[in-house]
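The values are calculated or read from the model by the stated rules, or taken from the named source; none is laboratory data. Values in this document were obtained by computation on a predicted structure and should not be read as measured data. Positions of Cβ are generated from backbone atoms using ideal geometry, with glycine treated the same way; all protein chains shown enter the neighbour counts.
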Amino acid sequence: MIHDPTAVTPESLDEVYDLLAERGRRAKIIAGGTDLMVALNAGSLAAEEFIDIRRLNELRGIEDEGETIRVGALTTYTQLIKSPLVQRSVPALAEASRTIGAIQIQNRGTIGGNVVNASPAGDSLPVLAAFDAELEIGSARGVRKIDFNRFYTGYRQTVMEPDEILLAVRLGKLRQNERSFFFKVGTRRAQAISKIVMAVKAGTKGALINYISVALGSVAPTVIRARQTESLLTNATLDVTIIELAKRTIFNEIDPITDMRSTEHYRRTVTGNALAKVLRRQVLLDGNKS
Ligand SMILES: Cc1cc2nc3c(=O)[nH]c(=O)nc-3n(C[C@H](O)[C@H](O)[C@H](O)COP(=O)(O)OP(=O)(O)OC[C@H]3O[C@@H](n4cnc5c(N)ncnc54)[C@H](O)[C@@H]3O)c2cc1C
């Protein structure tokens, strides 16, 4: 049965902390509402009350911290797409944001909502995983920082306590000789839940890979890093043979499921093909430079 939670709209973070400490699981933070409203309509929302955080301007916006950028939890996809700082320093995040929903969702949906909603198909999540992002989480007990790659403990499970709120996401800027890629396979370009989604960050010198991180969504209960494939490619020189080997390694490394969107075999194959495409692009881009 659909029930109708009441809503409170706090004016300060301290107010949010007090409300969360008092209400615990009975309350639910609402940001853009683009996931929550779907859950509400489906009758699968257990909360009695919404804590609407949209008046908290301190949770909005993108800050340049020098080596890192800090993205407030309430920052929308439209803000990420339009930010020259994001385009320059974490281009994969701008690319991922462009593929999320259509313009209405990009205007309302927030990065914080994508992270805490904890869907394995969340499109910004592989970027955060590939960039080894850090999350800032606050409560009346103080602010703590958590590695993004340790945030999810299982399908739609996170390390967050009921009295906590996500404040911001921090990502290292791409350095010289580093590059990022984003790749999403869905049924169609917009409004599609991804069949697989991949983000790659690599530090290279010509065809030599000094460092690579490969993160994947929609192939496991949570977003994952393809650690075996990363080990294979680290310190490797890209050529046809290693690209083929990487494709086979990632095919075997992941353990996706068959569901209504895709079969397990399709997901493995398309993940291998996506990685090969990214690696070939890396060689081609460097080829163009010399
Ligand atoms: C038509 C449509 C298309 C979509 N397409 C895509 C897509 O292509 N790719 C994709 O990844 N997603 C997609 N989504 C899902 C959704 O838009 C995103 O996950 C979005 O980022 C959610 O953000 P929000 O602010 O609307 O979250 P909300 O719905 O407000 O909240 C989502 C969850 O996060 C929690 N939450 C939100 N902010 C915080 C915070 N600061 N601290 C603690 N908890 C918080 C809420 O309590 C809730 O559990 C789509 C949704 C719709 C309806």
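Here are the numbers:
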item	result
Selected residue [of a type in the set (Lys, Arg) and away from the ligand (no atom under 14 Å from the Cβ)] from Arg108, Arg88	Arg88
Those residues of region 26-49 which are touching a residue at least 24 places away in the same chain (Cβ under 8 Å), surrounded by 12 or more Cβ atoms within 10 Å (Cβ to Cβ) and over 16 Å from Ala118 (Cα atoms), in sequence order	Ala27, Leu40, Ala47, Glu48, Glu49
Condition met for Glu63 (among the acidic types (Asp, Glu), surrounded by fewer than 17 Cβ atoms within 10 Å (Cβ to Cβ) and within 24 Å of the chain's Cα centre (by Cα))	yes
Of residues in region 178-196 being among the charged types (D, E, K, R) and modelled with pLDDT of 90 or more, the one nearest to the ligand (Cβ to nearest atom)	Lys184
Strands (runs of 3 or more DSSP E) fully within region 1-67 counting 1 or more residues that are within 18 Å of Ile137 (Cα to Cα), of a type outside the set (Lys, Arg) and within 11 Å of the ligand (Cβ to nearest atom)	27-30, 49-52
Residue list for region 238-279, restricted to those being farther than 15 Å from Val185 by Cβ, in a helix (DSSP H, G or I) and among the polar types (S, T, N, Q)	Thr241, Thr249, Asn252
Qualifying positions in region 68-94 - outside any strand (DSSP E or B) and either hydrophobic (A, V, I, L, M, F, W, C) or within 24 Å of Asp14 (Cα to Cα) (or both)	Ala73, Leu74, Thr75, Leu80, Ile81, Leu85, Val86, Val90, Ala92, Leu93, Ala94
